[in-house]
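The values are calculated or read from the model by the stated rules, or taken from the named source; none is laboratory data. Bear in mind the structure is a predicted one, so any value in this text is a computation, not a measurement. FYI the Cβ positions are ideal-geometry reconstructions off the backbone, even for glycines, and counts take in every protein chain you see. Accessible surface is based on the protein model in full, side chains and every heavy atom, while ligands, DNA and RNA are left aside. Shrake-Rupley method; radii C 1.70, N 1.55, O 1.52, S 1.80 Å.
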Amino acid sequence: MSAISERLSPWLFTIGIFVFWELTCRIFKIDRFILPTPLEAFQAMATYWQPLLRHSLVTLSTTMAGFALAVAFGVMLGLIVGWSRAIYRGLYPVMIGFNCIPKVAVVPILIMWFGIGEVPAILTAFLISFFPIVVNVATGLATMEPELEDVLRALGASKLDIMLKVGIPRTQPYLFGSLKVAITLAFVGTVVSETVGANAGLGYQIALAGSNFQMPLVFAALLLLAVEGIAMYAVFAYVEVYFTRWAFRSSMSAAA
């Protein structure tokens, strides 16, 4: 019974939130231009399903392109930073400073450089999502036990052997954990760029519907964006369990 309730709990909580939202709007008679009901949002979704589907696919493809760049660049830079303590100490403050810059302030610059379209959205998704990947990969390498490294060196392993055969496998739980965070941030970056300067995507649809006071359509686009984010998070959560099952084996056996 507990396993069934665990599987049903996300659906029950989601349904409960929608019911609470619907009842709140109806009981307090909240105007639809302030907060439409879930039913009105779903009706708008059914009415405008074709443009919403088109914009959803644009946002998804743009986000995945930026996320792919973030993974490639983040893993490479994370390995470089984690490889050397000197590089770690020198480059880490620079990355922290860059990550503190609000990406919404960078979007106008990217639009000036690359024009209105998908390229600024891809780059914004990349810029906002690569930092967690770099930090986690670098942390996985930098926190390797000195005793383990000493034993491997005593057995004749070079520093490259240690990184390839021990360091990189050891970073897998860190990496896949960061991917779940990074994919949600990538969606944020894409939508921020689309609302500022784009001619397609859910962010563009939200800005356009908001300017026309079509609030049910705005919330319909927001719900689709949430669905995309949850779906991609679930995909990488499954990938994490599949590739790093060994890291969770002790906790699984303890729970059993």
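The label-point distance for LYS29 and ALA72, in a model that sets each label 7 Å from Cα toward Cβ, rounds to 5.8 nm. Working note: 222 nm ellipticity from helices only, DSSP H runs with n ≥ 4, each -39,500 (n - 2.57), summed and divided by the residues of the chain, gives -28000 deg cm²/dmol to the nearest 500.
Taking THR63, THR139, THR47 as the candidate residues, the one with maximal mean-square fluctuation in a Gaussian network model of the chain, Cα springs under 10 Å, is THR47. Modelled this way, with points 7 Å down the Cα-to-C-beta line, the labels at ILE116 and ILE4 are 5.5 nm from one another. Remark: relative contact order (the chain) = 26 percent; criterion is Cα-Cα distance under 8 angstrom and separation of 6 or more residues.
Annotation: Cα Rg of region 92-169 relative to the compact-globule expectation 2.2 N^0.38 Å equals 1.64.
Relative protection proxy for 177-184, 69-76, 24-31, from highest mean packing down: 177-184, 69-76, 24-31 (other beta-carbon atoms within 10 angstrom). Taking the Cα centre of region 2-74 as reference, the dipole from Cβ charges on Lys and Arg (+1) and Asp and Glu (-1) amounts to some 80 debye. Which shape class applies to region 175-217: rounded if a/c is under 1.5, otherwise prolate when a/b exceeds b/c and oblate if not, where a ≥ b ≥ c are the square roots of the Cα gyration tensor eigenvalues? Prolate, because a/c is 1.5 or more and a/b exceeds b/c.
In a shell of Cβ-Cβ distance under 14 Å around PHE13, excluding PHE13 itself, what net charge do Lys and Arg (+1) and Asp and Glu (-1) give? Summing Lys and Arg as +1 and Asp and Glu as -1 gives 0. Under a Gaussian network description of the chain, with springs only between Cα atoms under 10 Å, the residue in LEU52, LEU23, LEU224 that fluctuates furthest is LEU23.
Taking only alpha carbon atoms, the chain gives an Rg to Rh ratio of 1.07, where Rh is the Kirkwood radius. PHE20 contributes an accessible area of around 150 Å² to the protein surface, as traced by a 1.4 Å probe with all chains present. Ordered from largest to smallest accessible area (heavy atoms of protein chains, 1.4 Å probe), the residues TYR92, TYR238, TYR233, TYR174 come out as TYR238, TYR233, TYR174, TYR92. Ranking TRP11, TRP83, TRP21 by solvent-accessible area of protein heavy atoms (1.4 Å probe, all protein chains present), from largest to smallest, gives TRP11, TRP83, TRP21.
Based on the Stokes-Einstein relation at 25 °C and a viscosity of 0.890 mPa s, and on the Kirkwood radius from alpha carbon pairs, region 130-216 is assigned a translational diffusion coefficient of 153 µm²/s. For the chain, the Cβ-based charge dipole about the Cα centre amounts to some 160 debye (Lys, Arg positive; Asp, Glu negative; other atoms uncharged). Dipole orientation for the chain: of the candidates ILE80, VAL181, ALA157, ALA157 has the Cα lying most toward the positive pole (charges on Cβ; Lys, Arg +1; Asp, Glu -1).
Region 1-42 and region 62-123 have Cα centres lying 37 Å from one another.
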